[in-house]
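Okay, so here's the structure we're looking at.
None of the figures in this text is laboratory data; all of them are computed from the coordinates on show. This structure is a prediction, so every number in the text was calculated from the model and none was measured. FYI the Cβ positions are ideal-geometry reconstructions off the backbone, even for glycines, and counts take in every protein chain you see.
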Amino acid sequence: MLIEHWKSQSAALETALYWGSTGSKVMEVQRKLKQWGYYDGPIDGVYGPKTFEAVKLFQRKNGLKVDGVVGPQTAAAMGITLNRGATTTSYRASRGGGTHSSGDLYLLARLVHAEARGEPYIGKVAVAAVVLNRVKHPAFPNTIAGVIYQPGAFTAVADGQINLAPDEESLRAARDALNGWDPTYGALYYYNPAKTTSSWIWSRPVHIVIGNHRFAK
């Protein structure tokens, strides 16, 4: 089962980055925080005061425990995997030929769970596919975490539902999307007409409706 698989993988996250840590994983944290506008220091792989404050700001904005430590929950929210010499689970997905870690899968599943609970299974895959379509599009960040945490991109990030644990169906939908299923045929946007408050989104040409969501380019 996917949930059991994730639990076994989460054992690899039994470590943390904190003030004084150094190395490539710290650089990865710094790059992501800089991309999202939380960090303005150098990408030097040294976990100093600027990195510490940037991590706390990220945690505060995303409903995480604010301690300045990149532990399992914060690492998962950033879409990174922390381990100490263990093998990182990854696989080459057919979409764009990219390699995605178990952290990418779990983060994508959390967005699906938060944004598409109550939608049919194909609708959950469709939400995940929109994220991946954005990753490939030059107008958006080029990582799953970058797309998901782009300011204002998803309601579930703004209201904290992104931090809910995904169910097995959401994990399966995320994996199907990563493996190439795109029920939206390239959509970059989706919305529920009964819930959206954005007037701009209504201007996008809708080319498919799945469940309660309209998908547009």
For region 101-217, which strands (runs of 3 or more DSSP E) that fit wholly inside it have 3 or more residues that are free of Cβ contacts under 8 Å to residues at least 60 places away in the same chain? 206-210
Looking at region 163-191, which of its residues are polar (S, T, N, Q) and closer than 13 Å to Arg110 by Cβ? Asn163, Ser170
Candidates Ala128, Ala158, Ala153, Ala139, filtered to the one that is hydrophobic (A, V, I, L, M, F, W, C) and buried (at least 19 other Cβ atoms within 10 Å of the Cβ): Ala128
